[in-house]
1. Out of (1) part of a loop (DSSP other than H, G, I, E, B); (2) closer than 17 Å to Phe192 by Cα, what's the single condition that is false for Gly141?
2. Being under 14 Å from the mean Cα position of the chain (by Cα), closer than 16 Å to Gly74 by Cα and either part of a loop (DSSP other than H, G, I, E, B) or among the acidic types (Asp, Glu) (or both) narrows it down to one of Asp22, Asp15, so name that one.
3. Please determine, by comparing only the residues of the range 80-101 that are surrounded by fewer than 21 Cβ atoms within 10 Å (Cβ to Cβ) and in contact with a Gly (Cβ under 8 Å, 6 or more places away or on another chain), which one is nearest to Gly45 (Cα to Cα).
4. Evaluate the range 150-161: report whether one residue or more is outside any helix (DSSP H, G or I), of a type outside the set (A, V, I, L, M) and within 14 Å of the ligand (Cβ to nearest atom).
5. Suppose we keep only residues that are among the hydrophobic types (A, V, I, L, M, F, W, C), within 27 Å of Ala114 (Cβ to Cβ) and more than 9 Å from the ligand (Cβ to nearest atom) within the range 1-44. Which one would you say is surrounded by the fewest Cβ atoms within 10 Å (Cβ to Cβ)?
6. What are the residues in the range 245-273 that are farther than 30 Å from Asp113 by Cβ, among the hydrophobic types (A, V, I, L, M, F, W, C) and in contact with a Leu (Cβ under 7 Å, 6 or more places away or on another chain), if any?
7. Being assigned to a loop (DSSP other than H, G, I, E, B), within 19 Å of Ser181 (Cα to Cα) and either of a type in the set (Lys, Arg) or within 16 Å of the ligand (Cβ to nearest atom) (or both), is that true of even one residue in the range 202-213?
8. Filter the range 221-237 for residues that are without any contact (Cβ under 8 Å) to a residue 24 or more places away in the chain and under 15 Å from Arg163 (Cα atoms); which is surrounded by the most Cβ atoms within 10 Å (Cβ to Cβ)?
Amino acid sequence: MTDVDPKARIAGIFDRAAPTYDQTGVELFGPPGRELVRRAGITAGQRVLDLGCGRGNVLFPAAAAVAETGSVVGIDFAPAMVAATTQAAKDLPWVRVTHGDADYPDFPPGSFDAITAGFMVFLLPDPPAAVARWSRLLRPGGRLAVSTFAAATAAGEAFYRDRTAALLPFQTPEPARDEQSSSSPEWVAALFAGTDLVDVTMTGLTVRSGYPTVDTYWDWMLSLGARRQLERVPAEHEQTARAALGKVLDQHLRQPDGSYRMDTEVRLTVARRPA
Ligand SMILES: C[S@@+](CC[C@H](N)C(=O)[O-])C[C@H]1O[C@@H](n2cnc3c(N)ncnc32)[C@H](O)[C@@H]1O
């Protein structure tokens, strides 16, 4: 079996996730988006490029920080993400959302004061090459800020292992893929090694997400890149797969009030182009 073009496959997943991405009432990408903008030091009047903008978890805090004297361009290759975020930004004339490949943003060198990439660099075929291209779009002194998933705690690893095992019997085989979901500090540092960016700083953030029910958790998974795991469960197996997932949630994430809670470790990395 031959895989479809990896970028088209990823764009398809996020296009199907877009209507509910970050809309299920479960918080995950909001806090890191706001914190990434804060750590990038984005201020009024600046020009910002947001790569893989999705539904705007980084783009809207950046838009608030630059305000009407600045500008923000968001790029995403999932048309439904672009449509939803364009609509949400309709009253912010200094924000533009475009459809395109963030791997090769087409702007003159030195165009931006800050470039942000929220949870997308690890989805690219050659992340260090992309970071090198992005760095040339920064003006001297400009900052590049990326967020990635950090390694889970031992308890988190055990949960993910059991979640994968619980769904496996119900899933159709997965096409080959090589994008990673969690990135070590060494992997992130290597992104910048071939660039002239300096002052690479990494900070961790723990995001706590709450799920009232198993169905909330299922719908939340469908709203993220993780939906690829549920799309592989045929409709006739869905109820049994939900029950199997529920057992894993009960074992690992259940709270005294019967709801579920989970912590996700993320890493925010900012680097600067020398002045
Ligand atoms: C996990 S989501 C993150 C969205 C947003 N940055 C946030 O922090 O919530 C990744 C986004 O990157 C987009 N994306 C991934 N690779 C891309 C590429 N090569 N070009 C444009 N968009 C891309 C996806 O379509 C998706 O909207």
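1. (1)
2. On the way: Asp22 fails: closer than 16 Å to Gly74 by Cα.
After ruling out the rest, the residue left standing is Asp15.
3. Trp94
4. Going through the range 150-161, the residues outside any helix (DSSP H, G or I) turn out to be 150-153.
Next, only the ones that are of a type outside the set (A, V, I, L, M) stay: 153.
Within this subset, residues satisfying the condition of being within 14 Å of the ligand (Cβ to nearest atom) are none.
Among the residues of the range 150-161, not one is outside any helix (DSSP H, G or I), of a type outside the set (A, V, I, L, M) and within 14 Å of the ligand (Cβ to nearest atom), which makes the answer no.
5. Residues of the range 1-44 that are among the hydrophobic types (A, V, I, L, M, F, W, C), as a first pass: 1, 4, 8, 10-11, 13-14, 17-18, 26, 28-29, 36-37, 40, 42, 44.
Remaining after also requiring within 27 Å of Ala114 (Cβ to Cβ): 10-11, 14, 17-18, 28-29, 36-37, 40, 42, 44.
Filter once more, so that each one left must be more than 9 Å from the ligand (Cβ to nearest atom): 37, 40, 42, 44.
Details: Val37: 26, Ala40: 27, Ile42: 25, Ala44: 11.
This residue is Ala44.
6. Leu245, Met262
7. Keep residues of the range 202-213 that are assigned to a loop (DSSP other than H, G, I, E, B), which gives 212-213.
Right, trim to within 19 Å of Ser181 (Cα to Cα) and you get none.
Checked against the condition, which is being assigned to a loop (DSSP other than H, G, I, E, B), within 19 Å of Ser181 (Cα to Cα) and either of a type in the set (Lys, Arg) or within 16 Å of the ligand (Cβ to nearest atom) (or both), the range 202-213 yields no hits at all.
8. The initial filter retains those residues of the range 221-237 that are without any contact (Cβ under 8 Å) to a residue 24 or more places away in the chain, namely 221, 226, 235-236.
Narrowing the set further to residues that are under 15 Å from Arg163 (Cα atoms) leaves 221, 226.
Details: Met221: 21, Ala226: 15.
If we take residues in the range 221-237 being without any contact (Cβ under 8 Å) to a residue 24 or more places away in the chain and under 15 Å from Arg163 (Cα atoms), then Met221 is surrounded by the most Cβ atoms within 10 Å (Cβ to Cβ).
The numbers here are math on the coordinates, done by the rules we state, and not lab data. The structure displayed is predicted, hence computed values, not measured ones. Note that we place each Cβ from the backbone using ideal geometry, even for glycine, and neighbour counts take in every protein chain shown.
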